[in-house]
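Okay, so here's the structure we're looking at.
The values are calculated or read from the model by the stated rules, or taken from the named source; none is laboratory data. The structure presented is a predicted model; accordingly, all values stated were derived computationally and were not measured. No Cβ is skipped: glycine too gets one built from the backbone with ideal geometry, and neighbour counts run over all protein chains shown. Just the protein is used for accessible areas: all its heavy atoms, side chains included, with ligands, DNA and RNA removed. Shrake-Rupley method; radii C 1.70, N 1.55, O 1.52, S 1.80 Å.
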Amino acid sequence: MKVGATLEGDLRAHYGEAIDVMSIAVQDAVNWASTGLRDELRAQIRRAFGQGQGSLEKAWQVKLYPSRRASMGASGWVYSKARRIHAAFDNQRTISAFGGRYLVLPLQGAIRRGWDKEGRDKGGFGKPRKWSAYGRIVGLKGIVRIKLQRGRILIGLRDKAGKVEPIFLLVRSVRLRGGLDLIGPGIRWRDQLFRRLQSQIQG
């Protein structure tokens with residue numbers, strides 16, 4: 001028994017049509033995954049820093065290649081125009097005091113009084129307003145120091161009734177959580193790209 005197949009029509013035309021369909025599918029999947037990755041990274045900025053960081057959020061950009069036609073070799077490049085800033089907040093970070101000293105963390109009692117930020121107008125020794133008033137406040141009457149576990153020190157303000165309100169916390173180091181994840185989203189969108197392309201090809 002002889003088994004054969006007969007091809008009808010122009011083979012080049014059939015082949016070219018298949019390439020066009022595949023090119024569109026690849027381009028669509030790459031564009032979708034690339035913009036999705038950019039948008040997820042931008043969303044991280046909003047969650048970490050709030051809605052007021054538009055420039056830092058929009059620093060995540062995407063470029064799509066080619067930009068004006070479908071291609072089997074389509075690619076997307078997601079990059080940061082503020083690379084150093086984004087990298088500084090990548091995942092967990094530990095900040096330690098310089099020279100074995102203490103980091104000063106203003107508590108609610110200090111924030112309510114405006115002691116978390118102080119400039120020339122409040123006697124902050126001419127320092128920029130990003131500095132706290134700790135150096136001045138520790139010299140006030142009624143200030144108490146309470147030693148805590150792990151080498152921490154609580155600075156409190158005692159009122160006339162003898163009640164102590166916490167105002168500053170001194171620590172050797174602080175570990176910041178909830179930073180940016182620059183690796184995970186890329187892996188997830190790469191995997192989703194493959195799944196989307198597979199579903200498009202299989203119909």
Determine whether residue 12 is open to solvent by 90 Å² or more (accessible area, probe 1.4 Å), modelled with pLDDT under 85 and under 17 Å from residue 185 (Cα atoms). no
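So that you can scan it fast, the table gives a plain yes or no per residue for (1) open to solvent by 30 Å² or more (accessible area, probe 1.4 Å); (2) free of Cβ contacts under 8 Å to residues at least 24 places away in the same chain; (3) hydroxyl-bearing (Ser, Thr, Tyr):
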{"site": "33", "(1), (2), (3)": "no, no, no"}
{"site": "38", "(1), (2), (3)": "yes, no, no"}
{"site": "44", "(1), (2), (3)": "no, no, no"}
{"site": "50", "(1), (2), (3)": "no, yes, no"}
{"site": "71", "(1), (2), (3)": "no, no, yes"}
{"site": "76", "(1), (2), (3)": "yes, no, no"}
{"site": "79", "(1), (2), (3)": "yes, yes, yes"}
{"site": "83", "(1), (2), (3)": "yes, yes, no"}
{"site": "87", "(1), (2), (3)": "yes, no, no"}
Selection within region 131-167 - open to solvent by 70 Å² or more (accessible area, probe 1.4 Å) and under 31 Å from the mean Cα position of the chain (by Cα): 131, 150
